[in-house]
Every structure is written in structure tokens, then in C-alpha cells.
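Participant: Following this message is one structure expressed as C-alpha cells.
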Amino acid sequence: MSLPVRRAVIDIGTNSVKLLIADVVGDDVRPLFEDSRQTRLGKGFYESSRLQPDAVKQTAEAVAEFGKEAKAHEAKSIRVIATSAARDAKNPGDLIAAVEKASGLKIEIISGEQEADWAFQGVTSDPQLAKRHLLLLDVGGGSTEFILGQGEHKHFRQSFPLGTVRLFEQFPVSDPPTAAEF
């Protein structure tokens with residue numbers, strides 16, 4: 001049997017940055033540490049399709065903190081992925097440069113289809129769920145992925161530009177919503 005390898009993944013989303021540190025053997029992932037920071041990378045993004053400087057700065061700082069945390073946990077590798085806001089931005093280079101300057105880490109901007117594939121793979125890594133017919137909805141800040149499948153087979157997967165930050169930016173509401181907003 002192989003020995004576990006400690007790995008870290010930092011997920012840069014439209015609303016938050018998440019960290020997972022886990023021991024990995026083949027397809028077996030055993031989480032050791034998780035954290036999340038709300039940096040609102042997508043705030044103010046949808047009018048211009050440009051990532052805003054303050055949000056980029058906060059995101060880069062969160063990635064740098066998580067990189068230090070991963071190293072403190074002796075992760076052998078740190079993978080940084082970015083999703084909807086980064087892939088839709090006219091200026092993803094601003095984020096890439098800020099993260100690399102703050103942490104020395106490189107970002108991989110993934111497609112909506114890759115995001116859907118990994119969400120499905122994560123859920124079906126649970127043996128109880130792997131055998132069932134599943135409809136998964138992965139609701140993020142900038143996109144939502146719909147995945148229909150069973151086991152390793154996906155019958156349908158699609159990423160839609162429909163997320164919580166995107167909706168609140170385009171259709172702002174009061175807290176609590178007024179009768180007219182409902």
C-alpha cells in the first residue's frame with residue numbers, strides 16, 4: 001500500500017478563497033485542514049468584466065496566507081485554481097500577477113466544464129453516493145454547475161453564468177427584501 005502524500009488546494013472563487021489540505025492515496029482523500037476567506041473577487045466585476053484592484057489585493061493576500069498554512073502543514077504540493085470571475089475577466093493577468101507576487105504561487109484558471117467534472121468527482125468519491133443516480137448543483141458566486149450522472153459516468157454537465165454574487169450585483173435587493181423586490 002502506498003503512503004499518503006499531503007497536498008493542498010487553494011480555490012479562488014468569485015466570492016471566497018478556500019483551502020483544503022489533505023492526505024491523498026490514489027483516489028482516497030482524507031481532509032486534515034480546511035479554511036475559507038470571503039474576498040469578494042467578483043464585487044463590482046459585472047459592469048465592466050474587470051477584476052477590481054481591492055478585491056484582487058484581498059484575494060492575493062488570502063492565497064498567500066493559505067500558502068503559508070499549507071507549508072506549515074508540510075504539504076508536498078500546493079495547487080491554486082481559479083473559477084468563474086477569473087475565467088470571465090478581461091484582466092485575469094492582474095490576479096495572476098498579484099497572487100504570484102504575494103505568494104510565489106501560480107494560478108490555473110479552469111473552465112466551467114472542469115469545475116463541473118471536479119465537483120462530480122468529489123461527491124462520487126463517497127462510496128454511498130457513487131452508486132446512486134445524482135443531480136448535483138454546485139452554486140458558486142459567479143457560476144452554477146449542473147451535473148447529472150452515476151458512478152464515474154456523467155450523462156450531462158454544464159456550467160451556467162448564474163451565481164450568487166453575479167445575481168446580487170445585477171439585481172440588488174435590500175436586507176430584508178422589500179415587497180416590491182420579492
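We did not get these values from a lab; they are worked out from the coordinates using the rules stated. Here the structure is a predicted model, which means the values were calculated and not measured. Neighbour counts run over all protein chains shown; Cβ positions are idealised from the backbone, glycine included.
Participant: Computed over the Cα atoms of the range 5-109, what is the ratio Rg over Rh, Rh following Kirkwood?
Facilitator: 1.00
Participant: With the dipole of the range 112-170 worked out from charges on the C-beta (+1 for Lys and Arg, -1 for Asp and Glu) around the Cα centre, which of T144, G163, P127 lies farthest toward the positive end?
Facilitator: P127
Participant: Given the options E74, E115, E61, state which has the largest fluctuation in a GNM of the chain using a 10 Å cut-off (strictly under) for Cα springs.
Facilitator: The residue with the greatest mean-square fluctuation here is E74.
Participant: Please turn the phi angles of the range 147-164 into ³J(HN,Hα) values with the Karplus equation 6.51 cos²θ - 1.76 cosθ + 1.60 (θ = phi - 60°), one per residue in order, whole Hz, x for glycine and proline.
Facilitator: The phi angles translate into 9, 10, x, 8, x, 8, 9, 9, 7, 7, 8, 8, 9, 10, x, 9, x, 5 Hz.
Participant: How large is the charge dipole for the chain, taken about the Cα centre, if only the Cβ atoms of Lys, Arg (+1) and Asp, Glu (-1) carry charge, to the nearest 20 debye?
Facilitator: Roughly 320 debye for the chain.
Participant: Would you give the gap between the C-alpha center of the range 64-100 and the C-alpha center of the range 28-48, rounded to a whole Å?
Facilitator: The range 64-100 and the range 28-48 have Cα centres separated by 10 Å.
Participant: I would also like to ask the following. In angstroms, what radius of gyration and Dmax does the range 112-170 have, counting Cα atoms only?
Facilitator: Values for the range 112-170 (Cα only, Rg and Dmax): 12.1, 40 Å.
Participant: How would the chain be classified by its alpha-carbon gyration tensor: rounded, prolate or oblate, with rounded meaning a/c under 1.5 and the a/b versus b/c comparison settling the rest?
Facilitator: oblate
Participant: With θ set to phi - 60°, apply the Karplus curve 6.51 cos²θ - 1.76 cosθ + 1.60 along the range 45-58 and write out the HN-Hα couplings as whole Hz, x wherever there is a Gly or Pro.
Facilitator: 3J(HN,Hα) across the range 45-58, in whole Hz: 7, 6, 6, 10, 6, 10, 5, 7, x, 5, 5, 4, 4, 4.
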